[in-house]
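Here's the structure we're looking at; comments come further down.
The values are calculated or read from the model by the stated rules, or taken from the named source; none is laboratory data. The model shown is predicted, which means the values in this text are computed figures rather than measured ones. In this analysis, Cβ positions are derived from the backbone assuming ideal geometry, glycine residues included, and neighbour counts consider all displayed protein chains. All accessible areas refer to the heavy atoms of the entire protein, side chains included, with ligands and DNA or RNA removed. Shrake-Rupley method; radii C 1.70, N 1.55, O 1.52, S 1.80 Å.
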Amino acid sequence: MNAVERRAVEQPFALDQPQAYLRWRERKLARYPHWVEDLIVEVRDPRKLSDSEAAEIRRVCGVANLAVYSSPLAGIADKDIARCLGTQLGLARLHANPLADEDGISSLEMTPEKSRLGYIPYSNQRLLWHTDGYYNPPQQRIGAFILHCVRPAATGGENRLLDPEIAYILLRDADPSYVAALSASDAMTIPANEEDTAAARPAQTGPVFSTDAGALHMRYTARTRSIEWRADEATRDAVQFLKEILDSDSRYVFTLRLAGGQGIVCNNVLHDRSAFTDGPAAGLNRLVYRARYTDRVDNA
């Protein structure tokens with residue numbers, strides 16, 4: 001029985017099954033990484049993983065919903081790095097958002113025409129905490145994503161990363177009512193985007209926490225504009241407590257600045273990005289490929 005099947009049987013995310021939750025929590029925390037270095041897997045070529053390399057990425061991702069690979073391919077602008085890596089890890093359903101490149105993979109770099117429209121990933125501004133695709137409908141929820149760094153910026157561009165299962169534990173341990181509020185079907189609404197016809201979408205209402213085949217899914221953004229939270233005290237308290245977790249120096253929040261040839265493989269973890277400055281004279285214009293998937297890393 002793999003991890004997803006075990007969670008589905010035990011239902012640790014059901015508030016009326018506290019013993020199942022405590023058993024799952026004990027297993028989760030007992031093997032959880034302590035340092036960001038514990039997440040790093042050295043690989044020769046992400047396009048052609050060895051069996052042992054693939055197994056180690058799966059293992060690390062299995063305990064933290066997150067793994068970082070490090071390869072010697074700095075400066076190589078090849079989207080097959082992300083695409084082939086995903087295929088080897090069981091990621092088959094690539095999700096192309098409207099701003100992605102024609103092949104469905106996004107080239108995240110300073111792009112003035114997209115930046116002027118307010119699309120922060122294509123600017124050098126900081127990105128607030130979020131999970132990918134928080135504005136998507138349930139049938140298009142993002143289960144996993146890969147970020148591959150071709151080259152970093154001259155300065156800045158750090159990511160902070162938090163496993164949604166750890167966020168869930170911290171919230172539930174503090175007060176199960178926080179989880180109940182954030183699991184409500186109308187907890188969070190992202191208003192419609194009607195200004196940009198290329199990326200138009202209807203309003204999307206749904207929970208922060210939900211489950212899919214026994215696995216926990218989280219949709220969240222720290223934005224204060226273009227978001228509507230359920231107007232009750234329980235939700236406000238839960239959102240505030242989550243914000244305090246994300247703003248803290250919790251040992252569970254990993255900080256990483258990707259170097260060229262490095263990348264992140266994860267089951268849609270919470271993440272942000274600091275502002276950055278490019279250095280064109282030194283050839284340090286930040287370029288990161290992003291591949292999003294509607295399935296999760298196969299940890300079996």
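Using a ≥ b ≥ c from the Cα gyration tensor of the range 146-241 (square roots of the eigenvalues), is it rounded, prolate or oblate, where a/c under 1.5 gives rounded and otherwise the larger of a/b and b/c decides, a/b for prolate?
It comes out oblate by the Cα gyration axes.
How are the C-alpha pair distances of the chain spread across 20 Å bins, as whole percents from the shortest bin up?
34, 60, 6
With a bin width of 5 angstrom, please list the P(r) values of the range 251-300 as percents of all Cα-Cα pairs, from the 0 bin to the one holding the largest distance.
4, 12, 22, 23, 19, 11, 6, 3, 1, 0
Once you have a ≥ b ≥ c as the square roots of the Cα gyration tensor eigenvalues for the range 42-102, tell me rounded if a/c is under 1.5, and otherwise prolate or oblate according to whether a/b is larger than b/c.
Taking the square roots of the gyration eigenvalues as a ≥ b ≥ c, the range 42-102 is oblate.
Measuring with a 1.4 Å probe in the full set of protein chains, what accessible area per residue, in whole Å², belongs to the range 154-271?
Solvent-accessible surface per residue comes out at 43 Å².
Can you quote the Å³ per residue value for the convex hull of the Cα atoms in the range 205-300, rounded to an integer?
Spelled out: Cα convex hull of the range 205-300, divided by residues, is 173 Å³.
Can you tell me the relative contact order of the range 166-250? Whole percent, Cα pairs under 8 Å, sequence separation 6 or more.
Relative contact order for the range 166-250 comes out at 31 percent.
G156: net charge of surrounding residues, Cβ under 11 Å, Lys/Arg +1, Asp/Glu -1, itself excluded?
Summing Lys and Arg as +1 and Asp and Glu as -1 gives +2.
If I model a spin label as a point 7 Å beyond the Cα along the Cα-Cβ vector, how far apart are those points for L15 and D101 in nm?
Taking the simple label geometry, L15 and D101 are separated by 4.5 nm.
For the chain, give the percent of accessible area contributed by carbon and sulfur heavy atoms, probe 1.4 Å, rounded to a whole number.
Answer for the chain is 50 percent, counting heavy atoms of protein chains only.
Just want to confirm a number: the relative contact order over the range 199-300, from Cα pairs under 8 angstrom separated by 6+ residues, in percent.
12 percent
Considering only C-alpha atoms, what is the centroid distance from the range 134-175 to the range 198-242, in Å?
14 Å
Counting other Cβ atoms within 10 Å, keep those with at most 14, restrict to DSSP loop, and tell me which trypsin sites (Lys or Arg not before Pro) in the range 209-300 are left.
Here the sparse-neighbourhood loop sites are R223, R225, R251.
I want the local charge near R58. Using Cβ-Cβ distances under 13 Å, sum +1 for each Lys or Arg and -1 for each Asp or Glu among the other residues.
-2
Decide, for the range 89-169, between rounded, prolate and oblate: order the square roots of the alpha carbon gyration tensor eigenvalues as a ≥ b ≥ c, take rounded if a/c falls under 1.5, and otherwise choose prolate if a/b is larger than b/c, else oblate.
oblate
Hey, in the GNM for the chain with a 10 angstrom Cα cutoff, which one of V68, V288, V41 fluctuates hardest?
Answer for the Gaussian network model of the chain: V41.
Which loop-located chymotrypsin sites (Phe, Trp or Tyr not before Pro) does the range 101-149 contain, where loop means any DSSP state but H, G, I, E or B and the Cβ has at most 16 other Cβ atoms within 10 Å?
Y119
Over the Cα atoms of the range 1-98, how large are the radius of gyration and the largest Cα-Cα distance (Dmax), in Å?
Over the range 1-98's Cα set, Rg and Dmax evaluate to 16.6, 51 Å.
Taking each pair of distinct Cα atoms in the range 40-141 once, what is the resulting Kirkwood hydrodynamic radius in Å?
For the range 40-141, the Kirkwood estimate is 15.7 Å.
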